[in-house]
Amino acid sequence: MRAALAGAVAATVWGLQEPLDRRLFRCDYSDVKLVGGLGVHALNGALFGVAFGFVRRRTDVEQRRLAVLLALAEHTILWPVLGLIEPEVARNPRAFAQGMYRHALFGIVLGRLA
């Protein structure tokens, strides 16, 4: 339960900071908009937190490092799927870097709170 709550909080932090990173990366892409709003994004974060909890119990990798690694792996593995939904965004290197930053932030918060 704690990992699910930590994932929801981490996804909410991500969503609330999106306006800042959109200026920083000069890219208007929004994951929160893509999934249908902050509530859906927080729910996705909670589900990721549950999955993180299962993996954490089955590995010796330090929790904070594991959370960041899993979040970055998710970003990298799912990025090609974005090309089916938002082809222009998927071809934008700034959007990819923005996604890496967002997932790293998510992983840091998740690893700290879980």
By the scheme Lys and Arg +1, Asp and Glu -1, what is the net charge of all other residues having a beta-carbon under 14 Å from that of Val13? -1
Taking the Cα centre of region 20-114 as origin, sum charge times position over the Cβ atoms of Lys and Arg (+1) and Asp and Glu (-1), and report the length of that vector in debye to the nearest 20. 240
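Quick check: convex hull of the Cα atoms in region 4-51, volume per residue, rounded to a whole Å³?
62
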Area of Phe54 that stays accessible when all protein chains are in place (1.4 Å probe, Å², to 10): 100
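Using r as the Cβ-Cβ distance of Arg2 and Asp28, and R0 as 30 Å, what FRET efficiency do you calculate, to the nearest 0.05? Please report the intermediate quantities before stating the final value.
Values: r = 34 Å, r/R0 = 1.14.
Efficiency at R0 = 30 Å is approximately 0.30.
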Sum -39500 (n - 2.57) across every DSSP H segment of at least 4 residues in the chain, then divide by the residue count to get the 222 nm mean residue ellipticity, nearest 500. -28000 deg cm²/dmol
Loop-resident sites, region 38-114, for GluC sites (Glu not before Pro), counting at most 16 other Cβ within 10 Å (DSSP): Glu62
Tail weight of P(r) past 24 Å, computed on alpha-carbon pairs of the chain, percent: 20
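From Cα pairs below 8 angstrom and at least 6 apart in sequence, can you work out the relative contact order of region 47-104, rounded to a whole percent? All intermediate terms of the calculation are to be shown ahead of the outcome.
Numbers: 24 pairs, mean separation 18.3, N = 58.
Averaging sequence separation for qualifying contacts and normalising by length gives 32 percent for region 47-104.
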Of Arg102, Arg57, Arg94, which has the largest mean-square fluctuation in a 10 Å C-alpha GNM of the chain? Arg57
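Probe radius 1.4 Å, ligands and nucleic acids left out: which of Met100, Met1 has the largest accessible area, and how do the rest follow? Please report the intermediate quantities before stating the final value.
On the way: Met100 60, Met1 200 Å².
Putting Met100, Met1 in descending order of accessible area: Met1, Met100.
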Along the charge dipole of the chain, Cβ charges K/R +1 and D/E -1, which of Leu34, Gln98, Leu84 sits furthest on the positive end? Gln98
Using the membrane-span-like helix rule (whole DSSP H runs, Cα extent along the own axis of at least 24 Å, mean Kyte-Doolittle hydropathy at least 0.5), which helices of the chain qualify? 38-57, 63-85
Which one, Leu110, Ala71, Gly15, is farthest towards the positive end of the dipole of the chain when Lys and Arg carry +1 and Asp and Glu -1 on their Cβ? Leu110
Given R₀ = 35 Å, FRET efficiency for Asn92-Leu16 by Cβ-Cβ distance, to 0.05? 0.95
How much of the accessible area of the chain, probe 1.4 Å, is carbon plus sulfur, in whole percent? 66
Using alpha-carbon pairs under 8 Å, 6+ residues apart, how would you state the relative contact order of the chain in percent? 42
Using label points projected 7 Å from each Cα along Cα→Cβ, tell me how many nm separate Glu62 and Val50, to one decimal. 3.0
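The values are calculated or read from the model by the stated rules, or taken from the named source; none is laboratory data. Only a predicted model underlies this, so the values are computations on that prediction, with no experimental measurement involved. Neighbour counts are summed over all protein chains in view; Cβ atoms, including those assigned to glycine, are modelled from backbone coordinates with ideal geometry. Quick note on the areas: whole protein, heavy atoms, side chains included, nothing else; ligands and nucleic acids left out. Shrake-Rupley method; radii C 1.70, N 1.55, O 1.52, S 1.80 Å.
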